[in-house]
Ligand SMILES: [Ca+2]
Ligand SMILES: [Ca+2]
């Protein structure tokens, strides 16, 4: 038992003795205290008489291997049966017990002791039957000889890790010590990645405890998780946290955090194969002896290649919360950034710890040096996620390979960083960072009104004196320390026409800064007149720190602080109240030329602004118009302007100076696009700004308008016939055909869905109307209260033909008619009809009356006679009768 316990922490023993009675001498529950358990075993007294082997096995299955007596579910179970004789006085059979369900999976060994077993065939047969295999049956001539087979039995119990499974076989090949860590309170942690079939675990030896504790995942964790690949610890005021990475846990990797009661928290990785948890760093950023952050390397993290990254967790109320990530430079696809992480002390002197991260495969030249380390600086809120420095072997001219595979730091007054690479380590000495803030001070920082001309004949004797001072902020200069500062001025740097000149200025100035000298001599400039007498004159200074002549710099500038400063010189402005120019320009009177833009119809949209400055002079007054994409700027007059890509116009109103009482008129003309718009409303915004006190809003206004798409179709209509004139006799005799034709023509450019509705209404008393056919055939027809309604849906110009039949029984008066009306409707929110959309066709019914009188006959006869006379006269004139007369004469002469 003792030997097994030293290598198997979770192996538990129970001992059952069987003789006249069967009793549990040691239960599985009594294993917690090893010494006590061993003493209990030593004091067992042998029971004699009966050998109820089958009942003893039955007892083990029903009384020992049960959860209430300490048997764990899924644990591997084993019975070692010792007997000094064959079965006797047992009412159970071996077959019965060995075939019980509870016996499934229980590994059995049998040891026969003494001549009553060793020399008896039946007893041996029973023992082999119990063990299930001849190889698991051992025999000894007496109990003392047991020692000889003990070691081979132990071997069988512990087995070979990874080949034979079972509780207690798991710490062989555990690779304990793969990683190690000494905690703040003196405990030792050893990662054992191979434990439990490479699911891994941590062996912990606490300072005050003699025994070791094995920590692993409480749940049945996947094999090959490699828990223990990395180990570290975090400490906060009240407790310790033991932390270990399992880079292959669930394939994404995970970090296990155990508290002092071994309760665990799992921080999962976020990408399969990223090896999250391979590297850990618990970081105390502010140096108050309490951990603030946990940095977890995922060196195989993939974006395009295997870039790697470091995830940052913040320790908040005893738990870790995600707090960003660190990355290397984007251009290195196979960097393995995060392969090593180390706290390197406070290298930049801000009292916050800084971190180095190794990226051992970064390279610009696959055959040249590879690897780099990145420095990330701690600050009040945590860790800056932009690196301050990247160091690669080419920086110091060395052809190192895999530089950054390992990183650590040492040193107390000065910090050193040691970086591992293939076959060696490089020690880097850190330089102390200094922040230098230059200050510019101009004596005359305003150009008076009288000077604001560009008169070449005028002498501008105004001298501008500029004083520069360098202020060291961090790690102040110590006595006898000299810093070489190199600086340059750029006068009026954003203007082509410079308004300042300097006759005696050097391009680059060198200045030696010491603890009691931080300001070089003042410099004098000349103002040389101005075309632009409004925009401030800007003087820019930038500086660098130079290495001293012996070549070794002592300080380095902070990368996060600017090494540039700008000083402005203003122009005096003419204002009612000195120093405060208040202009007064309003957009109130401006308005849009139309409230609705009809795409395809509206030619232009314009706004006319008439702007008057009722207040002080306004400098750099600008009207910014933002308009929707359905408009194009056509014309802007009469001011200077710019049209930007994002549908904006900047109109420069009387730049630079929109004087008091001055007036300007701006007419902006837009042209709507021709493409269909889905907008129903749009706005143009106008913002008026001035530059008197920085950029300042003077007024603003929004102009809203409706947007529709043109529908340029119209209707024509006719009836055939247009009138029925029927005599009394003709009525009721036949059906009469009546056809209505409506034609939709024009352009439906924006594909409106047009509903054409035709109503045929009878204003008749005794006439019936029947619709015979309608074209197109997909129109629908309905009839209600003497009115037919025909509804058609159209997109393209088309003709609608309605054939009807009337049956006129009688016509009452002169007002009887049939009226057909066609009307077009459509979505009026989107379309605007711009032509005839309604057409009415009227068919009149009239009765013809026959008057029975002779007058017409007489008149007709006279008319006929007159006609006859005239005809005769004409015929005579033509010689019709003469010829006839001649023929008659010839005939008579022959006679
Ligand atoms: Ca801290
Ligand atoms: Ca720092």
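Looking only at the range 689-705, residues that are crowded, with 16+ Cβ neighbours inside 10 Å and part of a loop (DSSP other than H, G, I, E, B) come to 1 in all. Might you let me know whether the range 234-242 holds any residue that is within 27 Å of residue 173 (Cβ to Cβ), exposed (fewer than 15 other Cβ atoms within 10 Å of the Cβ) and assigned by TED's automatic domain parsing to the domain that holds residue 212? Taking every residue of the range 234-242 in turn, none turns out to be within 27 Å of residue 173 (Cβ to Cβ), exposed (fewer than 15 other Cβ atoms within 10 Å of the Cβ) and assigned by TED's automatic domain parsing to the domain that holds residue 212.
Restricting 419, 468 to those that are under 30 Å from residue 278 (Cβ atoms) and touching a residue at least 40 places away in the same chain (Cβ under 8 Å) reduces the list to 419.
Does residue 371 meet the test of being at positive phi, more than 16 Å from ligand 2 (Cβ to nearest atom) and at pLDDT below 95? Break it down stepwise before answering.
On the way: at positive phi: yes; more than 16 Å from ligand 2 (Cβ to nearest atom): yes; at pLDDT below 95: no.
Considered against the rule, which asks whether it is at positive phi, more than 16 Å from ligand 2 (Cβ to nearest atom) and at pLDDT below 95, residue 371 comes out as no.
Name the residue, out of 445, 455, that is assigned by TED's automatic domain parsing to the domain that holds residue 514 and farther than 30 Å from residue 488 by Cβ. Step through it out loud before you land on a result.
Working: 445 fails: farther than 30 Å from residue 488 by Cβ.
So the residue among 445, 455 that is assigned by TED's automatic domain parsing to the domain that holds residue 514 and farther than 30 Å from residue 488 by Cβ is 455.
Scanning the range 255-286 for residues that are more than 16 Å from ligand 2 (Cβ to nearest atom) and more than 21 Å from residue 202 (Cα to Cα) yields a total of 5.
In the condition set (1) within 44 Å of the chain's Cα centre (by Cα); (2) in the same structural domain as residue 677 (by TED's automatic domain parsing); (3) closer than 15 Å to residue 668 by Cα, residue 587 is compliant with all but (2). Of the strands (runs of 3 or more DSSP E) lying entirely inside the range 1-112, the ones with 1 or more residues being in contact with a strand residue (DSSP E or B) (Cβ under 8 Å, 6 or more places away or on another chain), in contact (Cβ under 8 Å) with a residue 60 or more places away in the chain and closer than 24 Å to residue 124 by Cβ are found at 78-83.
Residue-wise test of (1) on the phi < 0 side of the Ramachandran plot; (2) surrounded by 14 or more Cβ atoms within 10 Å (Cβ to Cβ).
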{"residue": "392", "(1), (2)": "yes, yes"}
{"residue": "397", "(1), (2)": "no, no"}
{"residue": "429", "(1), (2)": "yes, no"}
{"residue": "465", "(1), (2)": "yes, no"}
{"residue": "495", "(1), (2)": "yes, yes"}
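For the range 255-296, filtering for residues that are assigned to a loop (DSSP other than H, G, I, E, B) and within 16 Å of ligand 1 (Cβ to nearest atom) leaves 9. Of all positions in the range 140-158, none carries a residue that is assigned to a strand (DSSP E or B), surrounded by fewer than 16 Cβ atoms within 10 Å (Cβ to Cβ), over 42 Å from the mean Cα position of the chain (by Cα) and at pLDDT 80 or above.
Would you point out the residue of the range 287-301, among those that are buried (at least 16 other Cβ atoms within 10 Å of the Cβ) and farther than 22 Å from residue 180 by Cβ, that is farthest from ligand 2 (Cβ to nearest atom)?
Only one residue fits best here, namely 300.
With respect to the conditions (1) modelled with pLDDT of 85 or more; (2) under 23 Å from residue 568 (Cβ atoms), residue 434 falls short on a single one, namely (2).
Among the numbered conditions (1) at pLDDT 85 or above; (2) assigned by TED's automatic domain parsing to the domain that holds residue 445; (3) surrounded by 15 or more Cβ atoms within 10 Å (Cβ to Cβ), the only one that residue 546 does not meet is (3).
Could you list, in sequence order, the residues of the range 314-326 that are assigned to a loop (DSSP other than H, G, I, E, B) and in contact (Cβ under 8 Å) with a residue 24 or more places away in the chain?
At the first step, the residues of the range 314-326 found to be assigned to a loop (DSSP other than H, G, I, E, B) are 317-318.
Hit for the range 314-326 is 318, nothing else.
If you take the residues of the range 345-366 that are crowded, with 24+ Cβ neighbours inside 10 Å and either within 16 Å of ligand 1 (Cβ to nearest atom) or free of Cβ contacts under 8 Å to residues at least 24 places away in the same chain (or both), which of them is farthest from residue 301 (Cα to Cα)? Once the filter is applied, the top-ranked residue is 354. Identify the single condition in (1) within 16 Å of ligand 1 (Cβ to nearest atom); (2) outside any loop (DSSP other than H, G, I, E, B) that residue 342 does not satisfy, given that it satisfies every other one. Against the list (1) within 16 Å of ligand 1 (Cβ to nearest atom); (2) outside any loop (DSSP other than H, G, I, E, B), residue 342 comes up short only on (1). Checking each residue in the range 294-342 for being more than 25 Å from the chain's Cα centre (by Cα) and either at pLDDT below 95 or more than 23 Å from residue 420 (Cβ to Cβ) (or both) picks out 315, 316, 317, 318, 319.
Go over the candidates 757, 780 one by one and state the one that is touching a strand residue (DSSP E or B) at 6+ places or on another chain (Cβ under 9 Å) and touching a residue at least 60 places away in the same chain (Cβ under 8 Å).
On the way: 780 fails: touching a residue at least 60 places away in the same chain (Cβ under 8 Å).
Testing whether each residue is touching a strand residue (DSSP E or B) at 6+ places or on another chain (Cβ under 9 Å) and touching a residue at least 60 places away in the same chain (Cβ under 8 Å) leaves just 757.
Scan the range 200-211 for residues that are exposed (fewer than 15 other Cβ atoms within 10 Å of the Cβ) and either closer than 20 Å to residue 289 by Cα or at pLDDT below 90 (or both) and jot them down. Before you say what the answer is, go through the steps one by one.
Quick first cut of the range 200-211, residues exposed (fewer than 15 other Cβ atoms within 10 Å of the Cβ) only: 205, 207-211.
Once the filter is applied, which keeps residues that are exposed (fewer than 15 other Cβ atoms within 10 Å of the Cβ) and either closer than 20 Å to residue 289 by Cα or at pLDDT below 90 (or both), the range 200-211 yields 207, 208, 209, 210, 211.
Out of curiosity, is residue 216 in the same structural domain as residue 352 (by TED's automatic domain parsing) and under 23 Å from residue 5 (Cβ atoms)? Criteria met by residue 216.
Among residues of the range 286-313 that are at positive phi, those with a beta-carbon under 8 Å from a residue that is within 16 Å of ligand 1 (Cβ to nearest atom) at least six positions away or on a different chain give the pairs 287/346; 287/351; 287/352; 287/353; 289/184; 289/235. Inside the range 75-92, residues that are in contact with a helix residue (DSSP H, G or I) (Cβ under 6 Å, 6 or more places away or on another chain) and over 15 Å from residue 110 (Cα atoms) make up a count of 2.
Within the range 297-313, the set of residues being outside any strand (DSSP E or B) and within 16 Å of ligand 1 (Cβ to nearest atom) is empty.
Report, by residue number, each residue of the range 345-368 that is outside any loop (DSSP other than H, G, I, E, B) and more than 16 Å from ligand 2 (Cβ to nearest atom).
Filtering the range 345-368 for residues outside any loop (DSSP other than H, G, I, E, B) gives 355-359.
Listed by number, the residues that qualify are 358, 359.
Annotation for the range 329-339: no member residue is away from ligand 2 (no atom under 16 Å from the Cβ) and assigned to a strand (DSSP E or B).
The values are calculated or read from the model by the stated rules, or taken from the named source; none is laboratory data. This one's a predicted model, so the numbers in the text were calculated from it and none came from an experiment. Every residue, glycine as well, gets a Cβ built from its backbone with ideal geometry; the counts of neighbours run over all protein chains shown.
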